[in-house]
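First comes the structure, then the notes that go with it.
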Amino acid sequence: MQLSAGQDLPHTRTRALHWLATAAALAAAVATASFVQPPDATATTDAASGARAAAVGPAPDPHAASYPVDCGPNRLDVVDSATGDLDGDGSPETVAVVRCHTETGTPPSGVYVLARPATGKGAPRVAATLLAPAQQRSVEGFAVRGGVVTATLLGYSTTDVPRCCPDVRARTKWQWKGGKFVQSELPASSDTAGV
C-alpha cells in the first residue's frame, strides 16, 4: 500500500476514546506510584523538577506551531527539534529548526524556541528567535543538553560564493541568562559531529 505525504495508516489513527483511556491509565499509575514507596524514600531536587514538568504538561509540538517565516508557495519543513527546560521554570520548551521546502539546494534555517500557549490551550507560541532565516545560515549538529542549545551554523563569506557550498562554519550555543537567550561562539573543533 502506498500513502501520500501526511496520510496515516488506518490502524495508526487515534480516537478520543484512546486518549481518554491513556490519560486515565497514566493518572492511575502516577497515583499508585505516589503511595508505593520504600519507607526511607526522600524527595530530591530532580524528582521535584520532574514532578513539576509532569504537572505542566508535555513539551510543545513543533509541528503545531506557526513560525514567522514566509515560504511563498512552498511549505515550511521542521527539519529538527529537541526539548528541554531552557529557562529553569520547570516547564519544557521545544527548540525547532525550520526551513522552506525545496527539492534542490539548502535554504536558510530558522531556529525558534517554542513555549506552551499562555492560556494552556491552542498552538505553541514562538517565545524566542535564536536564528532568523534572514541571517542566511544553515544548521547542522543541532542539540539541546542541560538547558543549552548548540548548533553548527554554515554560511557564506560573500555573495560570490555558490549557494551550494557554504565556506563559513561556526559552532554556536544559546543559553538563558538574565531573562534572555545569549548567543556565544564555541571553540573551533575538527569534530563537529558531537556538537
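Readers should treat all values here as calculations from the given coordinates under stated rules, not as data from a laboratory. Every value quoted in this text rests on a predicted model; they were computed, and no experiment measured them. Here the Cβ positions follow ideal geometry from the backbone for every residue, glycine too, while neighbour counts run over all protein chains shown.
For segment 88-195, the equivalent ellipsoid derived from the Cα gyration tensor has semi-axes of 27, 18, 11 Å, listed largest first. Here the contact order of segment 117-174, divided by its residue count and restricted to Cα pairs under 8 Å and six or more residues apart, works out to 26 percent.
Measuring r between the beta carbons of T158 and D77 and using R0 = 30 Å, the FRET efficiency lands at 0.65. For trypsin sites (Lys or Arg not before Pro), the sites in segment 108-166 that DSSP calls loop and that have at most 14 other Cβ atoms within 10 Å are K121, R163. Rg and Dmax over the alpha-carbon atoms of segment 56-120 stand at 13.2, 41 Å. For K121, give me every one of the lysines with a C-alpha distance below 26 angstrom, ignoring sequence neighbours fewer than eight places off in its own chain. The qualifying lysines are K180.
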